[in-house]
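What follows is a short report on a single structure.
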Amino acid sequence: MNYSIFEVFRIGVGPSSSHTVGPMSAAATFLADLGRLGLMDRVARVVVRLYGSLALTGRGHATDFAVVAGLMGEHPDEVDPDLARVCVEDARRDHRLRLAGRRDISFDPATDLMMLKSEFLPEHPNGMTVEAFDGAGTLLHADTYFSIGGGAVMDRATLIASRTACGNGHGQRSAPCSFDHASDLLKLCRERNISIADAIWQNEITYQDAAATRARLLKVWHVMRASLERGLETEGTLPGGLNVKRRAPSLYRQALKSSLTDDFRAMDLVSAFAIAVNEENAAGGRVVTAPTNGSAGVIPAVLNYYIRYCGDERDPDAQDETVIRFLLTAAGIGMLYKKNASISAAEMGCQGEIGVSCSMAAAGLAAVMGATNEQIENAAEIGMEHNLGMTCDPIRGLVQVPCIERNSMGALKAINAARLAVMDDGSHLVSLDSVIETMRQTGHDLATKYKETSLGGLAATVVYC
């Protein structure tokens with residue numbers, strides 16, 4: 001399957017792409033189906049059941065909020081998070097839900113939004129069913145959805161069909177630079193004498209025209225940078241009960257006060273940038289999946305540092321070209337993980353989030369540093385190789401500890417990976433394709449308790465009262 005850039009970079013809200021953005025989108029899709037079937041005005045009750053990882057960490061990942069907001073007609077890329085929270089709280093209190101923003105139906109959180117923590121649907125760990133009933137209790141419509149990572153959602157029939165399509169070669173999007181593996185992409189680029197960014201661009205403009213693609217890419221960067229700036233300015237304590245203090249403003253102030261010759265200044269600034277984004281994410285703010293919410297800080301941190309301190313920020317046109325080349329290259333690498341493994345922590349553990357974002361950021365940074373395609377592929381490989389086996393074990397199911405600091409670590413590793421790659425000729429022993437396959441196998445071998453369930457690792461050993 002060929003992917004769009006905007007299936008890798010989605011504008012949404014925190015704290016989780018798979019647990020917040022995905023379920024909200026699934027609820028919106030269900031409403032659209034009700035409208036298409038002419039059933040909307042007959043609905044008196046909607047029942048949602050969450051399974052597996054969606055249930056186990058649903059409270060901490062705001063899945064309950066996302067589902068209700070989605071049923072009220074909100075979409076992840078447009079929702080006002082603060083206003084939506086007020087509306088959802090009103091629905092919980094009044095036991096009334098304004099379906100699709102049009103009319104009120106009954107809603108009891110205890111019976112209409114169930115978290116089945118001990119049940120997993122066989123197709124994917126992030127499963128949910130939605131059912132609509134009329135006033136007599138007759139089932140009008142039902143569907144099952146899976147949040148497959150990075151905010152992407154498929155219903156059961158589509159998921160099964162997509163797996164069949166990938167297996168037999170049918171159902172793929174037509175693209176002028178079609179590729180399945182990194183080796184394919186490198187070969188194609190050599191034959192056509194183009195960069196990885198050029199190949200991704202040529203594919204993307206078959207989905208929409210060049211001007212629209214450029215505008216959407218720059219909008220993605222605007223949202224990334226806005227979340228970073230908000231995080232650097234916002235003090236206080238994050239919601240959820242862990243009483244985690246926002247540290248990005250303090251880290252940033254300390255970094256700015258340090259001497260320009262301080263060897264640690266760059267590290268401190270990058271850390272502040274990454275933590276700023278993910279503190280915003282943890283607070284439920286607007287972020288960009290890159291490729292997920294839990295890893296949303298890595299790419300903005302690396303790109304923001306490069307633009308501000310390594311590029312020429314005074315030239316807007318040059319800055320835009322840097323942003324576009326970075327994001328195109330990073331998206332191309334992200335597509336390889338989506339094609340050949342997964343970016344869902346419920347399937348892969350945190351290696352599928354921070355590991356992938358680190359790999360993407362390393363490739364993007366290498367590209368804007370003038371690296372060859374072979375060096376870019378090497379940077380991406382290094383970025384993942386040293387994140388293999390990372391578990392997803394959020395304390396209390398919140399996207400806070402250890403998630404926020406991991407974005408800082410991922411950003412710094414990405415810079416290191418890019419630097420190692422550009423200081424060599426691009427030849428290396430382990431290919432990116434090999435490391436992606438290793439990640440996939442490692443993810444499958446990881447025990448379920450280490451994959452976004454909060455049943456193992458830090459979530460189990462750290463006692464918080």
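The values are calculated or read from the model by the stated rules, or taken from the named source; none is laboratory data. Predicted model only: the values in this text are computed from it and were never measured. Cβ coordinates were reconstructed from backbone atoms using ideal geometry, including for glycine residues, and neighbour counts include every protein chain displayed.
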**Report entry** Residue ID - nearest to THR322 (Cα to Cα), chosen from residues in the stretch 389-404 that are buried (at least 18 other Cβ atoms within 10 Å of the Cβ) and not aliphatic (A, V, I, L, M)
**Finding:** CYS403
Query - Selection status of ALA346, in a helix (DSSP H, G or I) and out of contact with any strand residue (DSSP E or B) (no Cβ under 9 Å at 6 or more places or on another chain) - result: no
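Yes/no matrix, rows are residues, columns are (1) among the hydroxyl-bearing types (Ser, Thr, Tyr); (2) over 20 Å from the mean Cα position of the chain (by Cα); (3) farther than 24 Å from GLN351 by Cβ:
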| residue | (1), (2), (3) |
| --- | --- |
| ALA248 | no, yes, yes |
| GLU279 | no, no, no |
| ALA283 | no, no, yes |
| TYR305 | yes, yes, no |
| GLN319 | no, yes, yes |
Report task. Identify, from the list LEU420, LEU432, the residue that is under 22 Å from the mean Cα position of the chain (by Cα) and modelled with pLDDT of 95 or more. Result -> LEU432
Query raised in the report: Taking the stretch 226-281, which residues are small (Gly, Ala, Ser), in contact with a strand residue (DSSP E or B) (Cβ under 9 Å, 6 or more places away or on another chain) and on the phi > 0 side of the Ramachandran plot?
Result: GLY236
Query raised in the report: Filtering the stretch 43-66 down to residues that are of a type in the set (D, E, K, R) and in contact with a Ser or Thr (Cβ under 9 Å, 6 or more places away or on another chain), which residue is farthest from ARG92 (Cα to Cα)?
Result: ARG49
Report task. Can you work out which of the residues in the stretch 247-282 that are assigned to a helix (DSSP H, G or I) and hydroxyl-bearing (Ser, Thr, Tyr) is surrounded by the most Cβ atoms within 10 Å (Cβ to Cβ)? Result -> SER271
Query - Some residue of the stretch 7-14 being surrounded by fewer than 24 Cβ atoms within 10 Å (Cβ to Cβ) and out of contact with any strand residue (DSSP E or B) (no Cβ under 9 Å at 6 or more places or on another chain) - result: no
**Report entry** Answer from ASN416, ASN340, ASN407 - the residue that is more than 18 Å from SER53 (Cα to Cα), polar (S, T, N, Q) and surrounded by 24 or more Cβ atoms within 10 Å (Cβ to Cβ)
**Finding:** ASN407
Query - Hits in the stretch 10-58 (condition: assigned to a loop (DSSP other than H, G, I, E, B) and farther than 29 Å from ASN281 by Cβ) - result: LEU37, GLY38, LEU39, VAL43, ALA44
Report summary line: When the stretch 181-194 is checked residue by residue, the ones that are within 20 Å of ILE382 (Cα to Cα) and either polar (S, T, N, Q) or surrounded by 17 or more Cβ atoms within 10 Å (Cβ to Cβ) (or both) are ALA182, SER183, LEU185, LEU186
Query raised in the report: Do the conditions hold for ALA447, that is, is it modelled with pLDDT of 95 or more, of a type in the set (Gly, Ala, Ser), surrounded by 17 or more Cβ atoms within 10 Å (Cβ to Cβ) and out of contact with any Lys or Arg (no Cβ under 8 Å at 6 or more places or on another chain)?
Result: no
Requested in this report: Might you check whether a residue that is surrounded by 24 or more Cβ atoms within 10 Å (Cβ to Cβ) and not in a helix (DSSP H, G or I) occurs anywhere in the stretch 374-388?
Outcome: yes
Report summary line: Selection from the stretch 103-118 of residues of a type in the set (D, E, K, R) and touching a helix residue (DSSP H, G or I) at 6+ places or on another chain (Cβ under 7 Å) yields LYS117
**Report entry** Restricting the stretch 450-465 to residues that are surrounded by 14 or more Cβ atoms within 10 Å (Cβ to Cβ) and among the polar types (S, T, N, Q), the residue that is farthest from ALA55 (Cα to Cα)
**Finding:** SER454
Requested in this report: State whether one or more residues within the stretch 340-355 are under 18 Å from VAL270 (Cα atoms) and not charged (D, E, K, R).
Outcome: yes
Query raised in the report: Quick check: anything in the stretch 213-230 without any contact (Cβ under 8 Å) to a residue 40 or more places away in the chain, more than 18 Å from GLY364 (Cα to Cα) and of a type in the set (Lys, Arg)?
Result: no
